[in-house]
Amino acid sequence: MKTTILVTGSNGLLGQKIVYKLLQRNDVKLIAASKGDNRLIERNGYTYINLDISKLDEVRSAVENFQPQVIINTAAMTNVDECETKREECWGANVTAVENFVTVIQSENIGQRTSDIHFIHLSTDFVFDGEDGPYKEEDQPNPLSYYALSKYESEKVLQKSHISWAILRTIIVYGIVDNMSRSNVVLWAKGALEKGQPINVVDDQFRSPTLAEDLADACISAVDKKAKGIYHVSGKDIMSILELVYRVADFWKLDKSIVKPIKSDTLNQAAKRPPRTGFILDKAYRELDYKPHSFEEGLKILDEQLKKV
């Protein structure tokens, strides 16, 4: 008996990794969903649908048509500064979308017992204010930006609901995917340094960069183990963004003398960032059998993949 899994945001970095990992299994019927055209190179072995999860009728139609037992919601508006200025769009993508899934899953008129649908949702370290990292799951969120607020509100939608849910919070996801429409901090740093472009990098924000494959494994583990509740899932190394860029430079033997350390408040960004996050991963180790790579191991995996592109 195959498990039908709907993956939203399948064009994104995490979504693609989950799709490709699930395609290696023969016990899954896979539905990949994103807004617009399918950007994955592999087109076989799954069904792709164009889905705007901020629209209730589209969510209802997708759930009724495909009857998933599991939904992994990786779709979100994640540009932190854009969320500050495009608040309506941010709320629609990050909060209304989750409300739509809860509404449909809780409704009585779809063809299976709705309580059987397990909803796995991605959230962020930005729900915390960064005054006291690293954080465990029970720590009290205090979002500093509109993006962070929207993700925290989406968590509360699930916590107040009557559906089966798990929330995986994560930090700076990096990796390489098909038809990449957006970069990430690792690829940005590597690309700029390879071109010899001087770059300004903040030295007063601390994070745990997360390899996309590791996060995808944790999402799939949450499916297999029917995990419920909140989980912190990130890389295990906490470092400043400056150290991250230096380590990228060291790995690829690039000139880091063109990296200029700066303070966050000199950037005049629309959204405020938490200074120090990072996660305590014990619960994910214990309950999801989570085994993250070190940052250098992640860079080695990335390097191997880039050689094939």
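Only the coordinates and a few stated rules stand behind these numbers; no lab work does. These numbers come from a predicted model, not from an experiment. Neighbour counts run over all protein chains shown; Cβ positions are idealised from the backbone, glycine included.
Taking other Cβ atoms within 10 Å as a rough exposure proxy, 157, 245 sort from fewest to most as 157, 245. Which loop-located trypsin sites (Lys or Arg not before Pro) does the stretch 1-95 contain, where loop means any DSSP state but H, G, I, E or B and the Cβ has at most 16 other Cβ atoms within 10 Å? Here the sparse-neighbourhood loop sites are 2, 25, 35, 43, 55, 86. Which listed residue (200, 292, 232) has the Cα farthest towards the positive end of the charge dipole for the chain, taking +1 on Lys and Arg C-beta and -1 on Asp and Glu C-beta about the Cα centre? Looking along the dipole axis, the top candidate is 292.
Backbone amide hydrogens, once placed in the peptide plane, bring residue 205 within less than 5 Å of 241, 242, excluding anything fewer than 5 places away on its chain. Taken one residue at a time, the phi angles of the stretch 163-171 give Karplus couplings (6.51, -1.76, 1.60, θ = phi - 60°) of 9, 8, 9, 9, 10, 10, 7, 9, 9 Hz. Gly and Pro are set to x. Restricting the stretch 203-237 to trypsin sites (Lys or Arg not before Pro) that sit in a DSSP loop and have at most 16 other Cβ atoms within 10 Å of their own Cβ leaves 225, 226, 228. Bridging of residue 272 to lysines at a Cα separation below 16 Å is possible for 86, 151, 263, once same-chain residues fewer than 8 apart are set aside.
Partner lysines whose Cα lies under 18 Å from the Cα of residue 156, excluding those fewer than 8 positions away in the same chain, are identified as 136, 228. Among the trypsin sites (Lys or Arg not before Pro) found in the stretch 259-309, those both in a DSSP coil and sparsely packed, with 12 or fewer other Cβ atoms within 10 Å of their Cβ, are 263. For the chain, DSSP calls about 5 percent of its internal beta bridges antiparallel. Phi angles of the stretch 70-83 translate, via the Karplus equation with coefficients 6.51, -1.76, 1.60 and θ = phi - 60°, into HN-Hα couplings of 9, 10, 10, 9, 9, 6, 5, 8, 10, 6, 4, 6, 5, 4 Hz per residue; Gly and Pro are given as x. Under the criterion of Cα pairs below 8 Å and six or more residues apart, the relative contact order for the chain equals 19 percent.
Coupling constants for the stretch 34-41 follow from the phi torsions by the Karplus curve (6.51 cos²θ - 1.76 cosθ + 1.60, θ = phi - 60°), and in residue order they are 8, 7, x, 6, 5, 9, 6, 5 Hz; glycine and proline get x. Report note on the peptides 195-205, 164-174: ranked by the mean count of other C-beta atoms within 10 Å, highest first, their order is 164-174, 195-205.
The residue list 104, 135, 157 was ranked by how far each Cα lies along the charge dipole of the stretch 40-193 toward its positive end, using unit charges on Cβ atoms, and 104 comes out on top. By the beta carbon rule, with partners counted only under 4.7 Å, the chain holds these lone Cys residues: 219. In a simple Cβ point-charge model (Lys, Arg +1; Asp, Glu -1; nothing else charged), the chain has a dipole of about 540 debye relative to its Cα centre.
Centre-to-centre separation between the Cα atoms of the stretch 66-90 and those of the stretch 1-60: 15 Å. Only Lys, Arg, Asp and Glu carry charge here, each on its Cβ (+1 for the first two, -1 for the last two); on that basis the stretch 157-309 has a dipole of about 460 debye about its Cα centre. In this structure, the amide hydrogen of residue 123, modeled 1.01 Å from its nitrogen in the peptide plane, lies closer than 5 angstrom to those of 168, 169, 170, counting only residues at least 5 positions away or on a different chain. Among 246-252, 135-141, sorting by the average number of other beta carbon atoms lying within 10 angstrom of each residue, highest first, gives 246-252, 135-141. What residue among 248, 210, 275 has its Cα farthest toward the positive end of the dipole of the stretch 205-309, where the charges are +1 on Lys, Arg and -1 on Asp, Glu, each on the Cβ? In the stretch 205-309, that residue is 275.
Using the alpha-carbon centroid of each, what span in Å lies between the stretch 129-173 and the stretch 197-239? First find each Cα centre; the distance between them is then 14 Å. Dividing the helix sum by the residues of the chain, where each DSSP H run of 4 or more adds -39500 (n - 2.57), gives a mean residue ellipticity at 222 nm of -10500 deg cm²/dmol.
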